[in-house]
Amino acid sequence: MELWQAEIDGSSIHLAVEGSCGGTSLGIQLARQAIDAGGRVLWASPELPDGTRFSQIFTGIDLVASSRFHAMNLVGNVDQAIESLLHTAKVLPGVSLVVLDDYCPNSGQMPSDVIKAVNGLISNANWTTLLISKGGESMGDMPLTARGKNKLKTDTIWLLTRPSSDSKRILWIGEEQVDLILKEEGFMN
């Protein structure tokens, strides 16, 4: 078993998750992957990722490399926060991943100002953008739906589900099902 790796290719990814299934952990794992490849990561969220979980996934990264992880507080006016994030991403050298974690309310429709700000970020990006939010109840064949999927202009929709109470997870990338196991050091396949 090895750590699962995704392509960090300049695309935009809308990751919808079931509650408490590891969406932030997946984002941290992609951040580590980007830093291992020599890139810089900007992380914006109302709260910093859990320190214990962060250190488990980032274990073994040297101090100089880990300094390429930059966290920003995503609170207040969403337009201003995302504008600041966009400015920072353009000023810092070598940004390869921008993560917006928990950037919208956990239920209901996404507010129009959030959609507009996120689409502005995506349209100005030359890095991979990862949007992490709670998914909604699906009326179709998939186990959940990405809220705002028809309004956000992302390249790909991922769905992360927890089919049972153990460490197994299923990541849907479009129609493709990826079976994963969540361990201390991250998602394995």
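The values are calculated or read from the model by the stated rules, or taken from the named source; none is laboratory data. Everything numeric in this text was worked out from a predicted model, so none of it was measured. So basically every Cβ, Gly included, is an ideal-geometry build from the backbone, and we count neighbours across all protein chains shown.
Tabulated data for the structure shown
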| quantity | calculated |
| --- | --- |
| Asp141 being loosely packed, with under 13 Cβ neighbours inside 10 Å, more than 27 Å from Ala44 (Cβ to Cβ) and modelled with pLDDT of 95 or more | no |
| Residues of segment 30-55 that turn out to be in contact with an Asp or Glu (Cβ under 9 Å, 6 or more places away or on another chain) and within 19 Å of Ala6 (Cα to Cα), as a count | 1 |
| Residue identified as of a type in the set (A, V, I, L, M), in contact (Cβ under 8 Å) with a residue 24 or more places away in the chain and farther than 22 Å from Pro46 by Cβ among Leu160, Leu100, Leu171, Leu121 | Leu171 |
| Pair list, Cβ under 7 Å, 6 or more apart: segment 23-48 residue buried (at least 23 other Cβ atoms within 10 Å of the Cβ) and at pLDDT 95 or above, other residue among the hydroxyl-bearing types (Ser, Thr, Tyr) and not in a strand (DSSP E or B) | Leu42/Thr88 |
| Matching option when the condition is assigned to a strand (DSSP E or B), at pLDDT 95 or above, surrounded by 15 or more Cβ atoms within 10 Å (Cβ to Cβ) and among the polar types (S, T, N, Q), among Thr129, Thr88 | Thr129 |
| Filter result (surrounded by 16 or more Cβ atoms within 10 Å (Cβ to Cβ) and either in a helix (DSSP H, G or I) or touching a residue at least 40 places away in the same chain (Cβ under 8 Å) (or both)) within segment 68-83 | Val78, Ala81, Ile82 |
| From the options Leu180, Leu159, Leu171, residue that is of a type in the set (A, V, I, L, M) and over 16 Å from the mean Cα position of the chain (by Cα) | Leu180 |
| Residues (in contact with a Leu (Cβ under 7 Å, 6 or more places away or on another chain) and crowded, with 19+ Cβ neighbours inside 10 Å) located in segment 1-20 | Trp4, Ala6, Ile8, Ile13, His14, Leu15, Ala16, Val17 |
